[in-house]
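A short write-up of the structure that comes next.
Values in this text are rule-based calculations from the coordinates and carry no lab data. If you're wondering where the values come from, they're calculated on a predicted model, not measured in any experiment. Note that each Cβ is placed from the backbone with ideal geometry, even for glycine, and that neighbours are counted across all protein chains shown.
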C-alpha cells in the first residue's frame with residue numbers, strides 16, 4: 001500500500017499555470033524543508049513500513065510498522081517542546097524455524113526535544129529518550145524501562161538538509177530475568193532537494209548494543225532512496241521509498257532492509 005502511494009506521488013505533477021504553479025512551488029518548498037526538519041513547527045503523522053530480510057539460518061523476514069506522530073508545542077517564549085512517539089507493530093519470525101512467529105506491539109519509544117524557538121543556521125534540540133516495556137510478547141521487546149539523553153542538530157539550504165539525531169539509553173527498571181540495556185542510536189540524514197517537491201534521501205540508522213560481545217555490537221547500514229512532498233487531494237503528504245544493505249551487523253540479523261514511509265503533514269500557523 002505504501003509503495004503504491006509512493007509511486008502515485010512520484011507520478012503526479014503540479015497543475016499547469018504560471019502564477020498558480022509558482023505559488024504552489026513556493027509553498028511546497030517551505031513545506032518540504034519543514035518536513036525534513038525533525039524539530040520543525042509542524043505536526044506530522046508518519047507510518048513507516050520496514051521489511052528486514054535474510055534473518056537467521058532460514059532467511060526469515062521481519063516486518064515492522066512504526067507509527068510515529070510528532071507534535072510540537074510552545075513550552076516557553078524562547079523554547080519549543082517537540083514530542084515524538086514511536087509505536088512499533090511487529091511481525092517477528094521464529095528465526096530457528098522455517099515458519100511461525102509472533103505478531104503484536106513492540107516497546108513504545110517516546111522522545112522529547114527542547115529546541116530554541118529562534119535559531120540561526122544551526123537548528124538543534126535536546127531532551128530525554130525513553131523505551132517503555134509495552135510489548136505484548138517477550139519476543140517483541142526488551143522487558144526493561146530505559147532512559148537516556150537524545151540530541152538532534154541540522155542545517156538547511158535551498159538544496160540540502162544535513163543533520164543527525166543521536167541517543168543512548170540505559171535500563172533503570174524492569175523484569176529481572178531480562179538482559180540489561182545499554183544501547184546507542186545514530187541516524188544521520190542527508191536530503192538533496194530537486195524540482196517539484198522531489199528529493200533524494202539517505203537516512204541510515206546506526207545502532208550499537210554495548211552489552212553484546214565483541215563483533216556483535218554494531219549495526220551499520222548503507223543506502224538511501226527517493227521521496228516527494230506534495231498534496232494528495234487537500235492533504236499535504238511526504239512519501240519516500242528507501243533500501244539499505246547492512247554489511248556490519250550481529251550474527252543472524254537482517255542484511256537487507258526496504259523502507260517505505262507515508263507521512264501526513266499538518267503545518268502550524
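Residues within the reach of a label modelled at residue 178 (point 7 angstrom out along Cα to beta-carbon, backbone nitrogen below 13 Å), restricted to region 69-113, are 105-109.
What percentage of all Cα-Cα pairs in the chain are separated by more than 35 Å? In whole percent, the share of Cα-Cα pairs in the chain beyond 35 Å is 18.
Model label points for residue 232 and residue 96, set 7 angstrom from Cα along the Cα-to-Cβ axis, are 4.1 nm apart.
Here the relative contact order of the chain, from alpha carbon pairs under 8 Å that lie six or more residues apart, stands at 18 percent. Only helices enter this figure: runs of n ≥ 4 DSSP H residues, each worth -39500 (n - 2.57), summed and divided by the residues of the chain, yield -3500 deg cm²/dmol at 222 nm to the nearest 500.
Between residue 214 and residue 121, the simple spin-label model (points 7 angstrom out along Cα→Cβ) gives 4.2 nm. Extension gain for the segment residue 147 to residue 73, taken as residue separation times 0.36 nm less the Cα-Cα distance, is 24.4 nm to one decimal.
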